[in-house]
1. Answer with yes or no whether A:ARG154 is charged (D, E, K, R), in contact with a Ser or Thr (Cβ under 7 Å, 6 or more places away or on another chain) and either away from every other protein chain (no Cβ under 11 Å) or free of Cβ contacts under 8 Å to residues at least 24 places away in the same chain (or both).
2. Restricting to the range B:190-213, give me the number of residues that are over 24 Å from B:ASP122 (Cβ atoms), among the aliphatic types (A, V, I, L, M) and open to solvent by 40 Å² or more (accessible area, probe 1.4 Å).
3. Which number in (1) modelled with pLDDT of 95 or more; (2) more than 30 Å from B:VAL165 (Cα to Cα) marks the one condition that A:MET1 misses?
4. Take A:GLU182 and decide whether it is more than 17 Å from A:ASN238 (Cα to Cα) and either without any contact (Cβ under 8 Å) to a residue 60 or more places away in the chain or away from chain B (no Cβ under 14 Å) (or both).
5. Look through A:PHE178, A:PHE152 and report the one residue that is out of contact with any Leu (no Cβ under 7 Å at 6 or more places or on another chain) and over 30 Å from A:MET269 (Cβ atoms).
6. Within the range B:34-46, does at least one residue satisfy the condition of being under 18 Å from the mean Cα position of the chain (by Cα), part of a strand (DSSP E or B), at pLDDT 95 or above and surrounded by 15 or more Cβ atoms within 10 Å (Cβ to Cβ)?
7. Could you tell me whether the range B:48-63 includes any residue that is closer than 16 Å to B:ILE84 by Cα and among the polar types (S, T, N, Q)?
8. Of all the residues that make up the range B:1-29, how many are among the β-branched types (Val, Ile, Thr), assigned to a strand (DSSP E or B) and more than 20 Å from B:GLY116 (Cβ to Cβ)?
Amino acid sequence: MSALVVAQHDNRRLDPVTLATVTAARRLAEEVDVLVAGSGARAVAEEAARIEGVRRVLLAEAPHLENPVAEDLTETVLTVAGDHEALLAPATTFGKNLMPRVAARLDVAQISDIVEVLAPDTFRRYIYAGNVLTTVRTRDGRRVLTVRTTAFDRAAAEGGAAEIVPVEAPPATGLARFVRREVHASERPELTSARVVVSGGRGVGSRENFALIEKLADALGAAIGASRAAVDAGFAPNDWQVGQTGKIVAPELYVAVGISGAIQHLAGMKDSKIIVAINKDPEAPIFEVADFGLVDDLFRAVPELVERIEKIKREGAA
Amino acid sequence: MKILVPVKRVVDPNVKVRIRADGRGVDTTNLKMAMNPFDEIAVEEAIRMKERGLAREVVAVSIGEPRIQETLRTVLAMGADRAIAVETEVAVQPLEAARILRAVVAREEPDLVIMGKQAVDDDSNQTGQMLAALLGWPQATFASRIEIVDGEAEVAREVDEGIEVIRVRLPAVITTDLRLNEPRYASLPNIMKAKRKPVERTTPADLGVDPTPRLEYVEFAEPPKRQAGIRVESVEELVAKLVEKGVIG
């Protein structure tokens, strides 16, 4: 079987979520190709060609693919889909937007957000906000999949020497066009790939108080997350949201501050290696998944935590 | 402008579902049901467009067992003009739902379809994109702001990196994200009024669509449980544990 992975990138660098998607592809196919669709994205194609286990990199370049809309990207994917029995993309907003459009055009029932490949036609995925783990089998000849990238190890970024094959991108559809992107510039690590994540919930109380979360994140070199309740309350931007309807994270260390632990939040972080919860409510459900729970007022505990971490760092440096 | 709003009836997101004893499904008998929260946001947005004079008519559609009529009554009470119930006992999956909705669109000819980005039961996040693909229409997924400008929709999309703004030609399919709006509660007079609004009943067969699912859900299981952790008594103890685990220091 042959699989095609649609690469996520920004025309300069390959997003590491692509590496985990390649791993998922290799679990079901002997031959894995990667499609890089973009503009001035040669460097991305070269990066993709070095991924271990990749056979070919298909490079489609056109000005309208610089910031591609799903309509145009779909046409490009369809021109190269024919040779592959499986099409995969990361279950990020990029892949979630694109792949169902591709699947419908191919008359394939897509399987979203897979966490395990059991057989080339059988996969595991969660439903009901992570409450139920299902096994799904497809009867279609072809499969279209999005991949929960925290559930698969990243393929080695070096070691491969795939051929780069240019492919022609179809013209723009004219149905939709990119206007602009508003990105929150940040020096912090990216949330979905960070080694440490510090998240705040409704208990943080206000947007201003989130500065406390930021201080702890900086002390730990962490990315910042938030519960849906905190986002709904306007304390934090939506791209910080961790959970069923936001991002899925699985860092080495997840620190939940003032988060009660609604099932929708747990769905996004319960695969973290070590979970720390700080909450003044001893009954909060977050404590049921926490490796280390501290029942305390976050406004007292977090500053002390920052101070003690800084002290260890100073002593380590000395 | 005419707006079509597809809505799904799901288990109330605050209720924990149980797996059937035979592991072949989820037991939803006697569970509290609700409108999918993202679809509620879609209904609210469509009604606001009507209130602003942008839309002339808001039509709701739902697919499922006959009790979807209850959900459609809620949509009518929120302010939709009429509703279509596509009745089937089959648990319809996204591709078939998109094909049913395409048939409804062919009949109703809306200028805009607004629907939730995902249903909180199967968490697939597919139907809107699939519907747009089948219709050959543009899509604007995960919307947090919608403006109609010069016969196009300008949509701010919630993406992993922040916000992406795109323009789509109409007709189009837009899927909603959480921050688009806060849905209203239906008032008592509007609930009474909704009882007189028309709900048309049809079936997938009437619409020429076979709703048989293509994906087979062969097993349902509890997710792996995390080992219970410990309570620490102080920040000092917490830091000591984290140093011991090698995650700080």
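1. Details: charged (D, E, K, R): yes; in contact with a Ser or Thr (Cβ under 7 Å, 6 or more places away or on another chain): yes; either away from every other protein chain (no Cβ under 11 Å) or free of Cβ contacts under 8 Å to residues at least 24 places away in the same chain (or both): yes.
Yes: the conditions hold for A:ARG154.
2. Matching residues across the range B:190-213 total 2.
3. That leaves (1) as the condition not met.
4. On the way: more than 17 Å from A:ASN238 (Cα to Cα): no; either without any contact (Cβ under 8 Å) to a residue 60 or more places away in the chain or away from chain B (no Cβ under 14 Å) (or both): yes.
No, not satisfied.
5. Details: A:PHE152 fails: over 30 Å from A:MET269 (Cβ atoms).
The conditions single out A:PHE178.
6. Applying the first criterion (under 18 Å from the mean Cα position of the chain (by Cα)) to the range B:34-46 yields B:34-46.
Now restrict to residues that are part of a strand (DSSP E or B): B:34-35.
Pick out the ones that are also at pLDDT 95 or above and you get B:34-35.
Among the residues that remain, those that are also surrounded by 15 or more Cβ atoms within 10 Å (Cβ to Cβ) are: B:34-35.
The answer is yes, given that some residue of the range B:34-46 is under 18 Å from the mean Cα position of the chain (by Cα), part of a strand (DSSP E or B), at pLDDT 95 or above and surrounded by 15 or more Cβ atoms within 10 Å (Cβ to Cβ).
7. Of the residues in the range B:48-63, the ones closer than 16 Å to B:ILE84 by Cα are B:57-63.
Okay, now just the ones that are also among the polar types (S, T, N, Q), so B:62.
Taking every residue of the range B:48-63 in turn, at least one turns out to be closer than 16 Å to B:ILE84 by Cα and among the polar types (S, T, N, Q).
8. Here is the first cut: in the range B:1-29, the residues among the β-branched types (Val, Ile, Thr) are B:3, B:5, B:7, B:10-11, B:15, B:17, B:19, B:26, B:28-29.
When the remaining residues are screened for being assigned to a strand (DSSP E or B), the result is B:3, B:5, B:7, B:10-11, B:19, B:26.
Within this subset, residues satisfying the condition of being more than 20 Å from B:GLY116 (Cβ to Cβ) are B:19.
Final tally of qualifying residues: 1.
The values are calculated or read from the model by the stated rules, or taken from the named source; none is laboratory data. Predicted, not measured: the structure shown is a model, and the values here were computed from it. Because the Cβ atoms are built from the backbone with ideal geometry, glycine has one as well, and the counts that use them run over all protein chains shown. Areas reflect the complete protein model, heavy atoms only, side chains present, ligands, DNA and RNA absent. Shrake-Rupley method; radii C 1.70, N 1.55, O 1.52, S 1.80 Å.
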